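Asks: Just passing along the structure, written as structure tokens.
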Amino acid sequence: MEGQERLRTARALIVGAGGLGCPAALYLAASGFGRLTLADPDKVDLTNLQRQILYGSSSVGKGKVEEARKALASLNPEVEVRTLSKKLEPPELEELVPQVDVVLDCSDNFATRHAINRACVKYRKPLIAGAAMRFDAQLMVFDLRSKSSACYSCLFPEDGEVEEVQCSVMGVFAPLTGIVGAMQAMEAIKLVAGAGEPLSGRLLIFDARATEWRAVKVRKDPACAACGAPG
């Protein structure tokens, strides 16, 4: 009951209402999260429907976050859903992140991911980052309430040479996004309710073709440009 009460007053920011954000938002709403803030600038496209499970054929051409809000209200009218139909830039993140208890990064580009990470580091908010491409997925929790926690930039430095490839170009195995998004919601619920052990300090990697999971330990980088500098 104590955990459920924490969920009732909890606030989450979900950046991205696509393949990961849809199942994450569904499970947070179903679990009784008090308030969800959904941010995504896109409209629903027909090609989204095989993996973005908040939308139906009648949603095509309409804004994702408003369609998502309707679906979540139908599931649980007690959940307050705030929608932002735009790409979140650092100024917006500076305003939004301090207001929430947990942030779910369901975005699809490194610029947004690093901007989210910097805001979470600054305000010491837990960050749950997920990614899925083709048949491969990654999941990690950065519990930035702890000074010893690694951050997203420790793992993927902002100045690193990482090829930007989006699933709209390369494709993604539809059930994989559901698995990762649901696990992002699971980790958010665990963090807020104080249940179990969060996936902190480990990068979880999933190969859907082989149905194999593996975990890699991740430590804080003292030289990290986002979280390693003094102060």
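Asks: In nm, give the distance between the simple-model label positions of Asp159 and Phe110, each being 7 Å from the Cα along the Cα-to-Cβ direction.
Replies: About 1.4 nm separates the two model spin labels.
Asks: Using Cα pairs closer than 8 Å and at least 6 residues apart in sequence, work out the relative contact order for the chain, in percent.
Replies: RCO, the chain: 22 percent.
Asks: What are the trypsin sites (Lys or Arg not before Pro) within the range 100-135 that DSSP puts in a loop, where the Cβ has at most 15 other Cβ atoms within 10 Å?
Replies: Those satisfying the criteria are Arg124.
Asks: How much FRET efficiency would the formula 1/(1 + (r/R0)^6) give for Ala193 and Lys62, where r is the Cβ-Cβ distance and R0 is 41 Å, rounded to 0.05? Working shown, then result.
Replies: On the way: r = 34 Å, r/R0 = 0.82.
It comes out at approximately 0.75.
Asks: Next question, about the same structure. Given R₀ = 41 Å, what would the calculated FRET efficiency be for Ala174 paired with Ala223, taking r from the Cβ atoms and rounding to 0.05?
Replies: 0.60
Asks: Taking the chain as a Gaussian network, Cα atoms linked when under 10 Å apart, which of Glu187, Glu94, Glu212 shows the biggest mean-square fluctuation?
Replies: Largest GNM mean-square fluctuation: Glu212.
Asks: OK, next. Going through the DSSP H helices of the chain, which span 18 Å or more along their own axis at the Cα atoms while scoring at least 1.0 as a mean Kyte-Doolittle hydropathy? Walk me through the numbers before you get to the answer.
Replies: Details: long enough: 110-123 (20 Å, -0.16); 174-193 (29 Å, 1.19).
The qualifying helices are 174-193.
Asks: I've got another one for you. Roughly how many nanometres apart are two label points built 7 Å out from the Cα toward the Cβ at Leu46 and Asp207?
Replies: 3.6
Asks: Can you tell me which of Cys154, Cys106, Cys22 moves the most in a GNM of the chain? Springs connect C-alpha atoms under 10 Å apart.
Replies: So, out of Cys154, Cys106, Cys22, the one fluctuating most is Cys154.
Asks: Rounded to a whole number, what % of the accessible area of the chain do carbon and sulfur atoms account for, probe 1.4 Å? Numbers along the way, then the final one.
Replies: Details: 5820 of 11230 Å².
Percent of accessible area from carbon and sulfur atoms in the chain: 52.
Asks: So, for the chain, what is the accessible surface per residue at a probe of 1.4 Å, expressed in square angstrom?
Replies: 49
Asks: Follow-up. Given labels modelled 7 Å from the Cα in the Cβ direction, how far is it in nm from Asn76 to Lys147?
Replies: For Asn76 paired with Lys147, the spin-label model returns 3.5 nm.
Asks: For the chain, what does the helix formula give at 222 nm: sum of -39500 (n - 2.57) over DSSP H segments with n ≥ 4, over the residue count, nearest 500 deg cm²/dmol? Walk me through the numbers on the way to the answer.
Replies: Working: 8 runs with 79 residues, N = 231.
Helices in the chain give a 222 nm mean residue ellipticity of -10000 deg cm²/dmol.
Asks: If you don't mind, another one. Looking at this model, which pairs from Lys62/Lys122; Lys190/Lys220; Lys86/Lys122; Lys64/Lys147; Lys70/Lys220 are more than 31 angstrom apart at the alpha-carbon?
Replies: Numbers: Lys62/Lys122 34 Å; Lys190/Lys220 22 Å; Lys86/Lys122 22 Å; Lys64/Lys147 36 Å; Lys70/Lys220 40 Å.
Flagged as over cut-off: Lys62/Lys122; Lys64/Lys147; Lys70/Lys220.
Asks: In terms of the Cα gyration tensor, with a ≥ b ≥ c the square roots of its eigenvalues, is the chain rounded because a/c is under 1.5, prolate because a/b exceeds b/c, or oblate?
Replies: rounded
The values are calculated or read from the model by the stated rules, or taken from the named source; none is laboratory data. The shown structure was predicted, so the numbers you read here are calculated from the model rather than taken from an experiment. Cβ coordinates were reconstructed from backbone atoms using ideal geometry, including for glycine residues, and neighbour counts include every protein chain displayed. Protein only, heavy atoms only, side chains kept; ligands, DNA and RNA dropped before computing areas. Shrake-Rupley method; radii C 1.70, N 1.55, O 1.52, S 1.80 Å.
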